[in-house]
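The values are calculated or read from the model by the stated rules, or taken from the named source; none is laboratory data. Nothing here was measured: the structure is a model prediction, and the numbers come from that model. Every residue, glycine among them, receives a Cβ derived from its backbone with ideal geometry; neighbour counts consider all protein chains shown. Protein only, heavy atoms only, side chains kept; ligands, DNA and RNA dropped before computing areas. Shrake-Rupley method; radii C 1.70, N 1.55, O 1.52, S 1.80 Å.
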Amino acid sequence: MLRITIHEDSKACRLELAGKLEGPWVAETEKAWRASLRPDLKIEIDLRQLTSVDNAGRDLLAAFHRSGVCFIVEGVWMTALLGDLTSQSCEGAVVQASRKKVSRRPTSRQQESRK
């Protein structure tokens, strides 16, 4: 399952993807992307909540890259995946790492030490 949330303002459109970019969700993501394309709008794809990507999903991410979208990513897995996909240079495409701190649940040891 994949959730696609579209955030749009006068300068940019951000597609936030959460879940699995695979199977029928690849075509749905492509439809959402193509519907968002406008000459005056910068497209950003937020991949921070993706949990898996199949081969068709990888192909779509490569198409995004070739079109010049800006990826928003975090984590080793997604950074490495995009590194593989973007190793061929593409004019204007940018990969941004998120600087947002993610709060983590305390481990059981940390919880015990707080008691």
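See the values below:
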item: For R58, net neighbour charge (Lys/Arg +1, Asp/Glu -1) across residues whose Cβ lies under 12 Å away; result: -4
item: Karplus 3J(HN,Hα) series, Hz, for the range 57-65 with 6.51 cos²θ - 1.76 cosθ + 1.60 (x for Gly, Pro); result: x, 4, 4, 5, 4, 5, 5, 4, 4
item: Accessible area (Å², 1.4 Å probe, nearest 10) - K42; result: 100 Å²
item: Per-residue HN-Hα couplings for the range 69-80 [Karplus 6.51, -1.76, 1.60; θ = phi - 60°; Hz; x = Gly/Pro]; result: 5, 9, 8, 10, 9, 7, x, 5, 4, 5, 4, 5
item: By accessible area with a 1.4 Å probe, ligands and nucleic acids excluded, highest first: order of T51, T29, T86; result: T51, T86, T29
item: Area accessible to solvent at D9, 1.4 Å probe radius, in Å²; result: 90 Å²
item: Gain on full stretching of the segment that runs from W77 to I6 - 0.36 nm per residue minus C-alpha separation; result: 23.2 nm
